[in-house]
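Below is one structure, written out as structure tokens, with a few remarks after it.
The values are calculated or read from the model by the stated rules, or taken from the named source; none is laboratory data. Computed from a predicted structure; not experimentally measured. Glycine also receives a Cβ, built like all others from the backbone with ideal geometry; neighbour counts cover every protein chain displayed. The accessibility values were calculated without ligands, DNA or RNA, using every heavy atom of the protein model including side chains. Shrake-Rupley method; radii C 1.70, N 1.55, O 1.52, S 1.80 Å.
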Amino acid sequence: YRDYRGVPVLGAWLWSEELGIGLTTEIDVDETLAPYRVLRDLVIGVLGVTVLLAIVLTGLSVWLGDRAKARLERQVAERTRELNKLAQAVEQSPLSVVITDVDGAIEHVNPAFTRVTGYQAEEVIGRNPRVLKSGETSMERYADLWATILEGRVWRGELQNRRKNGAFYWAAVSIAPVTDSEGEVTHFVAMAEDVTAARLAGAELKASVERFQVLFEASVDPYLILDGDRFTACNQAAVDLLHYDNEEELLARHPGDLSPEFQPDGELSKDRAEAMIATARARGNHRFDWTHRKKDGEEFPVEVTLTPIELDGKKVLLVVWHDLSERIRAEQKLRDSESRISEQLAYQSALLENAADGIIVIDRQGSVQTFSPAAERIFGCLLYTSDAADDRYKVLVGGVGG
């Protein structure tokens, strides 16, 4: 009931027979139940939070599950794209690709394998790569190959194989083992490049280099190799021409030490050499006269030919010298001889002109070559020379007859 204040109260009534009186008491309900109401509210609150947390956790679990699923799907999609790219790379690779199981049975080959070997995929699937063996590769090399890949390492080397049509070819091969998550070898992947043409070209180049070396060493003309601003090789003829003791001594000298400071035209040897080299590189070769200097300081003329060549993968100049000393001495001797002949002819001409006697010079065929003025006066006629056979004696006979 409510008391006079309108506050809810709990009342109790007690009557005592002995005393003949009655007792009553009242308890304020709100004050009495207040602590219990706080506990109730706390319990309800905790229960509410627990339920809410359970709902949140349930929703979060579902949400996280969806995200994990989406992430997994993305990873699968990305992995699939990577595998597709890898498959395309294998199929479109210019290199032959062979995939075998751990026992060596072929499981896959790409189109390049067919182009190189002539075998279709269905002809080799399930077979061992020894179908390509030519019998020309040593067993030791195959033993090394298998020992290497079975240890989980990559083997690289060249094998001489045989195509389906029986033709031999050289292949540069790289074989790698493929392992599972536990590190066990499950497959082998072999990639091979047909290097037959390169080997043939290399053999031809080697033969060409050997021929060049023979010619280089055996030439009677000095041969040198100019790499940049240094001579890197020379033959014995160059050593002998410059009077050095050996090739090493000559190559140790700077090219500038082999020429005087100035060329005969007054130009600095260094400047002219640079111009000649630039011309040779622009034209492909260049020939010119030069003055060199021997070990003892003697200067001598040479004809130089510069030819750009490729040697060991580098662009260098092949330098060939031709000693002009003998030619110049011969030319000078000829000039001296011609000068002496001219002097003799002039002397003889003077003698004829001033001779008091009649002098006639006749060759073996009887033709008059020359004569003195006195001869004309003696014979009483005009003398002349003639190359015609029937005129050889006409002058003389006419003169005597006259």
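Yes/no matrix, rows are residues, columns are (1) open to solvent by 50 Å² or more (accessible area, probe 1.4 Å); (2) under 26 Å from the mean Cα position of the chain (by Cα); (3) at positive phi:
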position	(1), (2), (3)
Ser134	no, no, no
Ser138	yes, no, no
Gly152	no, no, yes
Trp155	no, yes, no
Ala171	no, yes, no
Ser174	no, yes, no
Val178	yes, no, no
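Residues being in a loop (DSSP other than H, G, I, E, B) and crowded, with 17+ Cβ neighbours inside 10 Å: count how many of those fall in region 302-323.
Taking region 302-323 and keeping what is in a loop (DSSP other than H, G, I, E, B), we get 312-313.
Keeping just the survivors that are crowded, with 17+ Cβ neighbours inside 10 Å gives none.
Of the residues in region 302-323, 0 are in a loop (DSSP other than H, G, I, E, B) and crowded, with 17+ Cβ neighbours inside 10 Å.
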Practice item. Taking Lys333 as the residue in question, decide whether it is open to solvent by 50 Å² or more (accessible area, probe 1.4 Å), free of Cβ contacts under 8 Å to residues at least 60 places away in the same chain and not in a helix (DSSP H, G or I). Key: no
Review point. Take the residues of region 98-118 that are closer than 12 Å to Pro129 by Cβ and hydrophobic (A, V, I, L, M, F, W, C): which is most open to solvent (accessible area, probe 1.4 Å)?
Key: Ile99
Check your understanding: Asp240: loosely packed, with under 14 Cβ neighbours inside 10 Å, more than 14 Å from Leu224 (Cα to Cα) and either out of contact with any Asp or Glu (no Cβ under 8 Å at 6 or more places or on another chain) or at pLDDT 95 or above (or both), yes or no?
Key -> no
Check your understanding: Looking at this structure, is Lys69 assigned to a helix (DSSP H, G or I), modelled with pLDDT of 70 or more and surrounded by 10 or more Cβ atoms within 10 Å (Cβ to Cβ)?
Key -> no
**Study point:** So Val195, is it touching a residue at least 12 places away in the same chain (Cβ under 8 Å), surrounded by 13 or more Cβ atoms within 10 Å (Cβ to Cβ), closer than 20 Å to Gln120 by Cα and not small (Gly, Ala, Ser)
**Key:** no
Review point. When you look at Arg293, is it among the charged types (D, E, K, R) and touching a residue at least 12 places away in the same chain (Cβ under 8 Å), yes or no?
Key: yes
Check your understanding: Taking strands (runs of 3 or more DSSP E) that fall entirely within region 153-211, which contain at least 1 residues that are of a type in the set (Val, Ile, Thr)?
Key -> 168-179, 185-194
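Would you point out the residue of region 210-237, among those that are open to solvent by less than 40 Å² (accessible area, probe 1.4 Å) and of a type in the set (Gly, Ala, Ser), that is nearest to Ile309 (Cα to Cα)?
Ala233
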Practice item. Restricting attention to region 88-106, report how many residues are over 19 Å from Asp194 (Cβ atoms), touching a helix residue (DSSP H, G or I) at 6+ places or on another chain (Cβ under 7 Å) and not in a loop (DSSP other than H, G, I, E, B). Key: 1
